[in-house]
Amino acid sequence: LDVAKEVIATFIKSRHSDRIGLVAFNSDAYPLCPLTLDHSVLQRILGDLKMSDILGRYKTGAMRDGTAIGAALTSAVNRLRPSDAKSRVIVLLTDGEHNFGEAPEGAADRAKMYGIRIYSILVGKGDALGGDMAAARSPLLKLVSEKAGGEFYEAQDRSALEKTFHDILNKLEKSRREDIASYRW
């Protein structure tokens, strides 16, 4: 999680004019930050995110055991749907396990319907994912990305994750938004 947070923080810094939000998930999806141009707030929220917070919600009964990729995608689609940006993208960073709730394929269909692309990133080494689990989890993420006009990536280490985010960054359209507060009258 720490490596992913660092790479995501760098990605956020490179998207100066983009509204970006953050959704975390386990058996439920919960938005940590709505779409915002205030990247300093987003960076603080990202920096404060700890695996113990997510697991703590499970241990207290506030969250059930499981991983709901479909719920996470639906939450992200619902936040992006009203946006008027030229390019609306979800970057799904996951170990690829889906074992709870709504099917991710349905969320991918809705994303496509609203012109939202999904870039799925399977993170972790094969051993950490249970040997051949990475190979077993890849087809779902590939399908989700394909349905929503994005791409699928695997990142087994920091270097691969950085390269993946750089590749996604290069594919995104740059939206030009002007800050009227910076004009002098």
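The values are calculated or read from the model by the stated rules, or taken from the named source; none is laboratory data. In this text, all values refer to a predicted model and were calculated from it rather than measured experimentally. The area values use the complete protein model at the heavy-atom level, side chains included, leaving out ligands, DNA and RNA. Shrake-Rupley method; radii C 1.70, N 1.55, O 1.52, S 1.80 Å.
Gain on full extension, evaluated as 0.36 nm per residue between K13 and S159 minus their Cα-Cα distance, stands at 50.8 nm. In this structure region 68-128 gives 43 Å² per residue of accessible area when probed at 1.4 Å with all protein chains present.
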